[in-house]
1. For region 38-262, take N as its residue count and report Rg(C-alpha) divided by 2.2 N^0.38 Å.
2. Under the 0.36 nm per residue contour assumption, what length would be gained going from the current alpha-carbon distance of Ser117 and Glu198 to full extension?
3. Considering only C-alpha atoms, what is the centroid distance from region 112-132 to region 164-237, in Å?
4. FRET efficiency for Cys76 and Gln43, Cβ-Cβ distance as r, R0 = 51 Å, nearest 0.05?
Amino acid sequence: MFLPPVLPCHEVCDVPKIIILFLLLTFSAQAMACVMEPSIWEQVEVATYSDGPGIYSLTEAFCQIKQKFAAEMTACALPVGPITFVGGFYGASRIKLSSEQIAVMETAVAAVWKDASVAKSSDMLDSMDNFDAFDRMAKKLQSGYAASVHIVDSRSSAINLIDVNFNLYSLFRLVFREEARVYIRITDNSGNAVFLDEVSVSPTIIVDPLVSPIGGFFIRFEKNTSFPLVIDFGPLYDGGPHELRLNNAYRQPMPVPPLREFKLPPSGSVIEKN
């Protein structure tokens, strides 16, 4: 009868390490091969919310408005601030923002507009059509401008996708998008309107999580706004470097499957028929 040779103690202790190393190398090679394959995305779940303006869309809207306002005031040799928001309204009925919505607005303004502030909820205008009250509040300012903002409509969408072209692991794509249309009116402390504008924004965040037998990993993060950002590990291949890449240069958004949810008009908007 054949008996296998008896291994020394130190070699026996190394056997589990060799097996684990072999498995890790096998999983890594398969993961690299999977990531290199073109993705075929299939929709898993969609959720849409229309319960008020979101922080991401308002931040993007104020960022764009600030850039336009600064460019026009500079071209006219006028000061660019400070600005006090004395009115905030929402929806087709133009109702006054609630205290919770004003808090979201304050956070968005503070994030991108250092020369701007939001008045207390009790001090803000009750009606968007009361231009006399708006002018009176503007004239109370010792310097700077008074602003009123109308969030015409807004919507948030969350979409979960799965890559059906994966052979072993599970690669998901989580897409979060907020949409908003914002109108703003800015008046100087003499009661003269100096800036009127309307912007439509749709900031999008994309995250690609990879779920494998040895754990879960985020392999890509993308933010498509006025300041785009992409974080990933680059192309994965056998023997290639694993380094974190940051790309904040201007670029076109990565293609997202043509989902019908992204083609629907925001809640409260009107579709014109020819």
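Readers should treat all values here as calculations from the given coordinates under stated rules, not as data from a laboratory. Not measured: the values here are computed from a predicted model. For neighbour counting, all protein chains shown are included, and Cβ atoms are generated from backbone atoms with ideal geometry for every residue, glycine included.
1. Cα-based Rg divided by the globular estimate yields 1.24.
2. Working: separation 81, 0.36 × 81 = 29.16 nm, distance 1.95 nm.
Contour length minus Cα-Cα distance gives 27.2 nm.
3. 28
4. Efficiency for this residue pair is about 0.55.
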